[in-house]
Amino acid sequence: MTEPSITSAAPANTPTSLPADDHTHSQFSWDSFHGNMRASCEHALAIGLPALSFTEHVDFTVWNAPPGGWAWDEGIRGSYDDPIGPGGHGHFMGAPLEVDAYQAAIDDCRHRFPDLTIRSGVEMSEVHWHTDAVRDVLSRGFDRIVGSIHTLEDTRAPGEHLLVDHAKDQHSPVGLLSAYLRQVESMVASDGPFEVLGHIDFSLRHWTPDDGPSPWGQVEEQTRHVLEGVALLIITGE
């Protein structure tokens, strides 16, 4: 039996013009095992959003284990080397995007929710480091391409890398942000195939009161330089 489509029914007190959510994840991102694409679409209609972009994580950089080993939830999908699994100290890489299943889910939601604009997409990390792998994924066709940095060099193992969260003990709080911005600047200056720069404040998501007040004033010039590069990309279309 064909299930009925769901049309918009925003609450009466909802603003008449809400922006699209152009960066969200579903169960198809390797670290979003609680995600639910269909439920996200239902919620978007309920609150009056005009559009959603499901920009799923695609990561190609291998991460070293943090001090103490991996402590992620069992729902995290990815591959470890030796030893295997959470609690180990091996390298980790997030599971690849299951593109066929993802695109089928996108098509299903577009059918179920005709009043909601639903865009396919990927959030690709360090696109300038993995050009061939990135282009292979993009050949499948997506509406939104987000470029992000999730990684910093592991200073204890030159040439290897850590998730930004796990590099905090290798830098001062402001030093971590500055190191992160240098990587963002490098990606922006590259010819990596992305359209949208994701979360320039990613390295601050675990900032605590013990780390001091907001650090943006200390890296304002560096931040402006990065954002000028983004503006140039938009203006030239490159």
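Looking at Asp73, Asp115, Asp136, Asp81, which is the one that is open to solvent by 40 Å² or more (accessible area, probe 1.4 Å), farther than 18 Å from Ser32 by Cβ and in contact (Cβ under 8 Å) with a residue 12 or more places away in the chain?
Asp115
Kindly establish whether Pro96 is surrounded by fewer than 18 Cβ atoms within 10 Å (Cβ to Cβ) and more than 21 Å from Phe33 (Cα to Cα). The answer is no for Pro96.
A quick yes/no check of all residues on (1) touching a residue at least 12 places away in the same chain (Cβ under 8 Å); (2) within 17 Å of the chain's Cα centre (by Cα); (3) open to solvent by 50 Å² or more (accessible area, probe 1.4 Å):
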position: His23; (1), (2), (3): yes, yes, yes
position: Thr55; (1), (2), (3): yes, yes, no
position: Val58; (1), (2), (3): yes, yes, no
position: Trp63; (1), (2), (3): yes, yes, no
position: Gly90; (1), (2), (3): yes, no, no
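Taking region 194-203 as the range and being open to solvent by less than 30 Å² (accessible area, probe 1.4 Å) and assigned to a loop (DSSP other than H, G, I, E, B) as the test, the residues that pass are Phe194, Gly198. Of the residues making up region 204-226, those that are assigned to a loop (DSSP other than H, G, I, E, B) and either among the polar types (S, T, N, Q) or at positive phi (or both) are Thr208, Gly212, Ser214.
Under the condition of being surrounded by 15 or more Cβ atoms within 10 Å (Cβ to Cβ), under 25 Å from Ser120 (Cα atoms) and in contact (Cβ under 8 Å) with a residue 60 or more places away in the chain, the residues counted in region 157-192 number 3.
The values are calculated or read from the model by the stated rules, or taken from the named source; none is laboratory data. Small disclaimer: the values here were computed from a predicted structure and weren't measured. Using ideal geometry, Cβ is built from the backbone for each residue, glycine included, and neighbour counts are taken over all protein chains shown. Accessible surface areas use protein heavy atoms only, side chains included; no ligands, DNA or RNA. Shrake-Rupley method; radii C 1.70, N 1.55, O 1.52, S 1.80 Å.
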